[in-house]
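The values are calculated or read from the model by the stated rules, or taken from the named source; none is laboratory data. Not measured: the values here are computed from a predicted model. Glycine also receives a Cβ, built like all others from the backbone with ideal geometry; neighbour counts cover every protein chain displayed.
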Amino acid sequence: MTKKIIIIDSNSLLNRAFYALPPMNTSTGQPTNAVYGYTVMLIKIIQEMIPDYIIAAFDKSKKNFRHERFIEYKAGRKKMPDELAQQIEPTKEILRAFNIEILELEGYEADDIIGTLSKGFSNNDFKVNIITGDRDALQLVDDNITVLMTKKGITELEVYGVEEIKQRFGIEPQNIIDLKALMGDASDNIPGVPGIGEKTALKLLHQYGNLDNIYSNIDEIKPERIKNLLLENREVAYLSRELATIKIDVPIEINLNEGILKYDLNKVIDILTKYEFKSIISKIKKEENESAIEEIKFVDDLSEIEKIKQEIFKEGQFDFCLIEENKKVVGMVVRDFNIIPAALIDKFYDIFMDEKIIKNTYSSKIAYKYLKERQVEIKNLDFDAEIAAYVLNPSLNDYSVEYIVNKYLNRNISKEKLLYCYGVFINNIVTIKEKLMEEIDKLNLAILYKEIELPLVEVLAEMEINGFKVDKETLNKIGFQLSEEIDILTGQIYDFAGEEFNINSPKQLGVILFEKLNLPVIKKTKTGYSTDAEVLEELLPHHPIIEKIIQYRQLIKLKTTYIDGLMDAISEDGKIHSNFNQTVTATGRISSTEPNLQNIPIKLEQGRQIRRAFVPTDDDYVILSADYSQIELRVLAHLSKDENLIDAFTKGQDIHTRTASEVFGVKMEEVTPLQRSRAKAVNFGIVYGLSDFGLAKDLKISRKEAKEYIENYFERYKGVRNYLDWIVDFAKEKGYVTTIMNRIRYIPEIRSTNKTVKMLGERLAMNTPVQGSAADIIKIAMIKVFKRLKTEGLKSRIILQVHDELIIETYKDELENVKKIVKYEMENAVKLVVPLVVDIHVGDNWYNAK
């Protein structure tokens, strides 16, 4: 099992706390504001992150090896105030009370201890989190190391993993030292290259990757002023990089067995009492004793259950949560911290089916599934806290019951007390409901919540129960064919390479490509040559082996992920019951997991073939596929009110042919397949902030030609250009965008000072209203189709949703009726300025229903 290690940059945290908090003193005059802030953060880490180990690193002395290399290192930094210096030993006392390992070493900074420990433990057995206020630590980040940077004093932490650093700076974590080498660091008196700031430094690194490559390509650097600055300060740049580099080989050892996070609460309270931290003591005592104050009670007495039921009937309201363990319902939490065992949930069936009783819960899909499998319907479900929280902000990654309780009740309950948390939730659900619904009403999200997201839960629950049958024989056959193709490709790759090697090993592949075949090195990583998809794409013209490697990777992924993966996911009933997630995507789209049935690749024919294995439950059924035609472009026409787009869709013209005609200045009947294909790329890319560089790369044309296509497009579709400009300005002003159903997505990236992040925000602003509105439409359609199939008593059922497509397992005798129902409800889900068009296909498997 992976262990979580927290390493605290203690001097950094104390310094932050000292300047963030007002002066505090004990009755004896001992300064304590920094200790107090540090302790608050420490307890927050323990309770919220639940680490296995915590290590506190300290600076040992003012001088270290860096001063020997550069006497001015950290010169000019203010001397540590006496009031802060007096708080270091009290902090260590508190750490000892918590039984936390303290590490410091003469001649080294805390950063070097942190670097050595974090890299030493960075493997699949450990996840390392570094708590610091110092940006230097970002260079340590890798797949197993995350930096949590303090902001707004010390109470909030900003997460920096590999992707966050790439988004924030546009560079790899290890290149943070190159950034410092160029721009310097005033706080540490690292000189850097005079005249080069962060903006220029990042521009150079985006272009050349690292400091060595910058100097290797010095002759081509523009403008001349920057080139001269770099030439004149080469030694300074490399010295700065050396000073900025955190050591990872400090002679220090730690026995983790002695550092397991265990402590005596009485000792902790004693030391906190010594420093008069009454508020912290009271909070700890409250957290430790909460479950004792309000104990969870397991109720299996039938007379007691009858009393609970009578109260529910009397109040006309049923507040409940079904509890799952390993995807199996084990009980139900109801009022007054009572837990009803799974075996007795049936005693409440009459309440669930009573239309007069209002139902409030969390994660209602669990309840819908559990009860539907037992032929019980939930009537009058009025509130699902998980769905309400998602509607309010779809960009979060946590809608857990702990998050909702802690946020809306101002509590601080840890994940370890999950049952207790459910009890608190149920006992305070009226307050939580009022707060969430007040926010929903304030933001005009009531229709989205009540008429779309809440009713959709039942639809998804039934889809999960229905499942999609898989013909194992067909799947095996496709897998065998893929294996044969993979074997052929493997032989061809070996022939080109002149030897056998592990094609799946990036290291071995790198040696073959860049050392044996002498192909140009495109990109390097800390472990050697990069052979990622982007690199292979650039290498395509250089050697025929590259095309074979790309094909090999595609087929290997199909075989392992989609053949072997799907085979493992087939249940005893011969079906795959995927999970349909409603609270995952920021755009409002439904996602599919375990396995992901929405992501089966269909660009490759081999990928499309996998759909042949998805078949009806039996011979009485067929597969019906209903797919919206170009829904995102129709939404764009609606939002932009562009006359040409509206005209094309109103006349039922092929939009890509029409666009090609407009962009290339030819009659529609004269548009060539190549022109249509290129127009299609522009059409679908335009709301993703398509650049001339991106289009040139996709179409393998010059940037000049790509730029002309885009300019011609916007010249002909001025309404689209005006809309995209307007929505970006709107997002910058408001901080969010909305869909046609008023779904909100917050886009903080658009206000970033980092150009790369800001451009990402602009692309999100352009795309979200279109993609999100399309998601709204398909959700409305699903609800309408679901209700029609139910009210008309049909056997046909929805079994899958893939982006703009609905899959209906259709009873053969109902086929014509279902076609009419599906087409009508989908095409009339909402009213746009252009018609919605649905294409319907039927087949004996998913592949043939296209």
**OP:** Take Thr490 and decide whether it is surrounded by 18 or more Cβ atoms within 10 Å (Cβ to Cβ) and either in a helix (DSSP H, G or I) or touching a residue at least 24 places away in the same chain (Cβ under 8 Å) (or both).
**Re:** no
Subject >> When residues of the stretch 280-308 are limited to those that are β-branched (Val, Ile, Thr) and assigned to a helix (DSSP H, G or I), the one modelled with the lowest pLDDT >> reply: Ile293
Original post:
(1) assigned to a helix (DSSP H, G or I); (2) touching a strand residue (DSSP E or B) at 6+ places or on another chain (Cβ under 8 Å): which one isn't true of Leu624, the others all being true?
Top reply: (1)
Subject >> Odd one out for Ile429 among (1) without any contact (Cβ under 8 Å) to a residue 60 or more places away in the chain; (2) surrounded by 13 or more Cβ atoms within 10 Å (Cβ to Cβ) >> reply: (1)
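Go through the stretch 520-578 and count every residue that is small (Gly, Ala, Ser) and within 23 Å of Gly491 (Cβ to Cβ).
Summing the residues that are small (Gly, Ala, Ser) and within 23 Å of Gly491 (Cβ to Cβ) in the stretch 520-578 gives 1.
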**OP:** Pairs only if they're at least six apart or on different chains, beta carbon under 7 angstrom, first in the stretch 26-45 and touching a residue at least 24 places away in the same chain (Cβ under 8 Å), second outside any helix (DSSP H, G or I) and among the acidic types (Asp, Glu); list them, first residue then second.
**Re:** Thr26/Glu276; Ser27/Glu276
Subject >> Residue that is surrounded by the most Cβ atoms within 10 Å (Cβ to Cβ) [pool: residues in the stretch 162-219 that are hydroxyl-bearing (Ser, Thr, Tyr) and within 32 Å of the chain's Cα centre (by Cα)] >> reply: Tyr208
Original post:
Is one or more of the residues making up the stretch 698-715 closer than 30 Å to Val830 by Cα and among the small types (Gly, Ala, Ser)?
Top reply: no
Subject >> Matching residues, the stretch 309-331, being part of a strand (DSSP E or B) and more than 13 Å from Arg374 (Cβ to Cβ) >> reply: Gln317, Phe318, Asp319, Cys321, Ile323, Glu324, Glu325, Lys328, Val330, Gly331
Original post:
Would it be correct to say that Glu762 is outside the structural domain of Asn444 (by TED's automatic domain parsing) and under 21 Å from the mean Cα position of the chain (by Cα)?
Top reply: yes
**OP:** Consider Ile600 carefully, then state whether it is among the β-branched types (Val, Ile, Thr), touching a Phe, Trp or Tyr at 6+ places or on another chain (Cβ under 7 Å) and over 23 Å from Glu485 (Cβ atoms).
**Re:** no
Original post:
Mind checking which residues of the stretch 717-745 are part of a loop (DSSP other than H, G, I, E, B), in contact with an Asp or Glu (Cβ under 8 Å, 6 or more places away or on another chain) and modelled with pLDDT of 95 or more?
Top reply: Thr739, Ile740, Met741, Arg743
Original post:
So which of Phe614, Phe580 is among the hydrophobic types (A, V, I, L, M, F, W, C), over 30 Å from Asn210 (Cα atoms), modelled with pLDDT of 95 or more and under 21 Å from the mean Cα position of the chain (by Cα)?
Top reply: Phe580
**OP:** Quickly run through the stretch 358-414 and pick out the residues that are β-branched (Val, Ile, Thr) and assigned to a helix (DSSP H, G or I).
**Re:** Ile366, Ile387, Val391, Val401, Ile404, Val405
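Within the stretch 415-432, which residues are of a type outside the set (A, V, I, L, M) and in a helix (DSSP H, G or I)? Can you show your working first?
Quick first cut of the stretch 415-432, residues of a type outside the set (A, V, I, L, M) only: 415-417, 420-423, 425, 427-428, 431.
Result: Lys415, Glu416, Lys417, Tyr420, Cys421, Tyr422, Gly423, Phe425, Asn427, Thr431.
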Subject >> Every residue from the stretch 670-707 that is within 21 Å of Glu632 (Cβ to Cβ) and either touching a Pro at 6+ places or on another chain (Cβ under 8 Å) or acidic (Asp, Glu) (or both) >> reply: Asp698
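Residues checked against (1) crowded, with 23+ Cβ neighbours inside 10 Å; (2) closer than 26 Å to Met24 by Cα; (3) touching a residue at least 24 places away in the same chain (Cβ under 8 Å):
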| position | (1), (2), (3) |
| --- | --- |
| Leu84 | no, yes, yes |
| Gln87 | yes, yes, yes |
| Ile113 | yes, no, yes |
| Thr116 | yes, no, yes |
| Lys119 | no, no, yes |
| Ser122 | no, no, no |
